[in-house]
Structure formats: C-alpha cells, structure tokens
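J.: Pasting in a structure now, in structure tokens, and then I'll have a few things to ask.
The values are calculated or read from the model by the stated rules, or taken from the named source; none is laboratory data. Computed from a predicted model, the values in this text were never measured in an experiment. So basically every Cβ, Gly included, is an ideal-geometry build from the backbone, and we count neighbours across all protein chains shown.
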Amino acid sequence: MKNYVNAGTNLTIAAPANVVAGQPLLVGSLFGVVSNDAASGTNTVLVRRGMFSDMPKVAAETWGLGDPVYWDATAEAFSTDGTDNVLVGTAPEPAAENAATARVLLDGVIRV
C-alpha cells in the first residue's frame, strides 16, 4: 500500500518525563506501556496494544472477566470506574479486591 507505514502498535515517542520500562503512560490521547527506561526528551517506545501483567490497579475494586478498564491518571492506576477516566482496554481475567496489580488487555483504540 502506497502510504502505509505500520500498524501503529508500537510508537517511538519522546518521553514527556523520565519513564521506566513497564510504566503505563498517557500522552494526549495516546495510551500505552513504556517498553524501556528513558530520560525526559529522549526516545522510548510506547506499546499501545496487548496483554500486560502486574499493572497497577485501584486496590478497592473487584474486577470481572471482560470488565472495561480505564486509566485513572490521578491514582496512576487502572480502574473499572469510568468517571473522568480514559477507557483503554478490558480485564482479561478477574482481579480480587485488595489486589494492587492485575492483568490488563489494552485495545490500542484512540478515544477523544
């Protein structure tokens, strides 16, 4: 295809701040998980789609299989509460209340 570049699943971006590998990151309307440590202003790869383990979760919540998962920028954790949060994917398995981490399936969809 003449103008096709790639699927856009992995985007090289300038880190907006110091970031560490495995860190969830929202930049404008782009959301993903950082694949490598990077200092502010240097390149990092933002992985926008796929299943990730040990992601920070709002511990007070119980997740069910297939629940919509949102990024809560204030708590810096994933949540099933959509109020003022950005939908980023789904829960690929249940997660217990009081669990500080969970698996998250990012769908890579940009929502504005």
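J.: Please specify each residue of the range 48-93 satisfying the condition of being free of Cβ contacts under 8 Å to residues at least 40 places away in the same chain and under 12 Å from Leu105 (Cα atoms).
T.: Leu65, Gly66, Asp67, Pro68, Val69, Tyr70, Leu87, Gly89, Thr90, Ala91, Glu93 - these are the residues of the range 48-93 that are free of Cβ contacts under 8 Å to residues at least 40 places away in the same chain and under 12 Å from Leu105 (Cα atoms).
J.: When Ala96 is evaluated against the numbered criteria (1) closer than 17 Å to Leu26 by Cβ; (2) at pLDDT 95 or above; (3) loosely packed, with under 12 Cβ neighbours inside 10 Å, which criterion, by number, is the only one it fails?
T.: Among (1) closer than 17 Å to Leu26 by Cβ; (2) at pLDDT 95 or above; (3) loosely packed, with under 12 Cβ neighbours inside 10 Å, Ala96 violates only (1).
J.: Same structure again: Let me confirm something: among Ala75, Ala59, Ala39, which residue is modelled with pLDDT of 95 or more, more than 12 Å from the chain's Cα centre (by Cα) and surrounded by fewer than 12 Cβ atoms within 10 Å (Cβ to Cβ)?
T.: So the residue among Ala75, Ala59, Ala39 that is modelled with pLDDT of 95 or more, more than 12 Å from the chain's Cα centre (by Cα) and surrounded by fewer than 12 Cβ atoms within 10 Å (Cβ to Cβ) is Ala39.
J.: Select from the range 3-26 the residues that are without any contact (Cβ under 8 Å) to a residue 24 or more places away in the chain, more than 19 Å from Met55 (Cβ to Cβ) and among the polar types (S, T, N, Q) and write down the one among them that is surrounded by the most Cβ atoms within 10 Å (Cβ to Cβ).
T.: Asn18
J.: A further question follows. Here's a check for you: in the range 44-55, which residue that is surrounded by 15 or more Cβ atoms within 10 Å (Cβ to Cβ) and within 10 Å of the chain's Cα centre (by Cα) is farthest from Asn10 (Cα to Cα)?
T.: Met55
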